[in-house]
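Reading through the structure tokens given below for one structure.
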Amino acid sequence: MSIVAVGINHKTAPVAVREKISFNPDKLSVALREMLNAVQCREVAILSTCNRTELYLVQDGDFNATQERIIQWLEHFHNVPASTILPSLYWHKDQQAVNHMMRVACGLDSLVLGEPQILGQMKQAYSQAKSAGSMSLVMDRLFQRTFGVAKQVRTETEIGASAVSVAFASVNLAKHIFASLDKARVLLVGAGETIELVAKHLYENNVGKITVANRTIARAEGMANKIGADVITLAQIPEHICDADIVISSTGSTLPLIGKGMVEQALLKRKHKPIFMVDLAVPRDIEEQVSELEDVFLYTVDDLQSIIAKNIENRRKAAVQAESIVNDQSDNFMSWLRGLNTQDTVISYRKQCLDERDILLEKALIQLKSGKNSEAVVAELATKLTNKFMHAPTSALQTAAQGGKLDKLLYLRDIFDIEPLD
């Protein structure tokens with residue numbers, strides 16, 4: 001029995017290739033059940049995200065044959081030539097596979113080092129495999145151990161503590177400046193991808209109120225509806241900026257949208273209550289001179305990039321600790337798996353011995369009931385039991401001795417605790 005992980009990710013293939021073997025969540029249960037039969041494996045789970053698709057299997061038999069069946073099944077299920085995906089596939093077996101799964105769950109193999117979203121996606125893959133009935137003892141234990149490792153890494157290292165995107169860094173800075181965001185009022189300028197990420201992080205941090213200002217109202221409304229935000233036009237910024245404790249801007253404008261005079265007027269209305277401002281745009285959306293105002297904390301994208309660079313280095317240092325934890329835990333899991341294999345062997349051997357005993361005991365009882373001498377019956381039973389249990393070891397010892405396999409002979413002597421003759 002062995003564990004196999006096979007996949008394709010952002011490091012090995014572009015999105016044009018990755019999308020060819022991504023799995024639709026609605027068809028995942030069908031895929032899991034189909035794969036069990038087509039690949040002839042004991043257990044299987046599938047992780048499919050925008051950055052990776054990975055198959056995790058517990059299988060018996062020849063690894064090369066399993067590889068061929070996996071490729072054939074992927075080719076058939078996704079209707080894509082094997083030549084398209086084969087160069088991008090990576091394969092891991094046994095401890096390498098265990099180690100890989102744990103690294104993925106910890107964010108050590110992610111596009112953004114230490115990102116936490118992948119753990120939730122792995123938990124979803126686990127739930128889907130459980131629901132589809134494609135997972136049992138080994139894979140279940142492996143996923144549970146993997147989740148435990150991810151939690152340990154988050155608890156014992158700083159892998160996820162530092163912001164490594166301008167959106168996340170902006171919100172983190174706001175959290176440092178304000179004791180709590182639940183009463184803070186935020187003005188977001190723009191409705192592009194960066195501002196959408198900022199809005200998402202603010203919403204997840206239970207910010208008090210969000211207003212989105214954008215040139216096109218319709219575009220802003222699509223984002224605003226998801227987070228319960230108000231929407232205004234860019235022309236309305238001067239009359240609303242005085243209400244904002246936090247202003248974060250990222251547009252494609254070639255000229256500043258927020259000038260020093262506009263912010264001065266806002267501060268007067270706020271009775272000089274401070275404003276935290278972040279300008280993520282290039283060219284700038286907020287005039288550089290705004291930073292001269294006493295009650296304004298203005299950060300540019302360059303300020304954030306220096307913070308992010310430092311945080312990335314912190315994550316890299318934390319990743320070294322995380323890798324050590326992963327290695328230790330993958331060792332522990334493989335020890336458990338080896339013990340499971342040993343347990344199966346012991347159970348089978350004991351059952352075989354007990355079956356032999358029961359057969360001979362039944363014959364002895366029949367002889368006793370028929371009136372045969374009890375001492376003769378017991379003696380015969382002892383002889384037959386001894387011969388039965390001596391047969392396999394004796395045969396193995398003779399074969400090793402006749403074949404000149406001294407190392408095997410010594411191994412068998414050790415197993416059966418055979419003392420040397422005087």
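The values are calculated or read from the model by the stated rules, or taken from the named source; none is laboratory data. It should be emphasised that the depicted structure is a prediction, and the values quoted were computed from it without experimental measurement. Glycine also receives a Cβ, built like all others from the backbone with ideal geometry; neighbour counts cover every protein chain displayed.
What to note about this one:
- Looking only at the stretch 98-132, residues that are surrounded by fewer than 19 Cβ atoms within 10 Å (Cβ to Cβ) and not in a loop (DSSP other than H, G, I, E, B) come to 8 in all.
- Of the helices (runs of 4 or more DSSP H) entirely within the stretch 134-247, those holding at least 2 residues that are basic (Lys, Arg) occupy 137-156, 217-227.
- Considered as a group, the residues in the stretch 3-21 that are buried (at least 16 other Cβ atoms within 10 Å of the Cβ) and of a type in the set (Gly, Ala, Ser) include one that is nearest to residue 129 (Cα to Cα), and that residue is 5.
- Evaluation of residue 324 against the conditions (1) in a strand (DSSP E or B); (2) under 21 Å from the mean Cα position of the chain (by Cα); (3) not aromatic (Phe, Trp, Tyr) shows that the sole unmet condition is (1).
- When residues in the stretch 113-129 are screened for being out of contact with any helix residue (DSSP H, G or I) (no Cβ under 9 Å at 6 or more places or on another chain) and under 18 Å from residue 201 (Cβ atoms), 3 of them pass.
- Among (1) without any contact (Cβ under 8 Å) to a residue 40 or more places away in the chain; (2) touching an Asp or Glu at 6+ places or on another chain (Cβ under 8 Å); (3) closer than 27 Å to residue 340 by Cβ; (4) surrounded by 18 or more Cβ atoms within 10 Å (Cβ to Cβ) - the single one residue 135 does not satisfy: (1)
- Put simply, of 409, 421 the only residue that is farther than 29 Å from residue 360 by Cα, at pLDDT below 85 and outside any helix (DSSP H, G or I) is 421.
- Of all residues in the stretch 94-129, those being under 24 Å from residue 29 (Cα atoms) and in contact with a Ser or Thr (Cβ under 6 Å, 6 or more places away or on another chain) number 6.
- Test result for residue 280, hydrophobic (A, V, I, L, M, F, W, C) and surrounded by fewer than 21 Cβ atoms within 10 Å (Cβ to Cβ): no
- When residue 63 is tested against (1) more than 15 Å from residue 101 (Cβ to Cβ); (2) crowded, with 16+ Cβ neighbours inside 10 Å; (3) aromatic (Phe, Trp, Tyr), exactly one condition is not met: (2).
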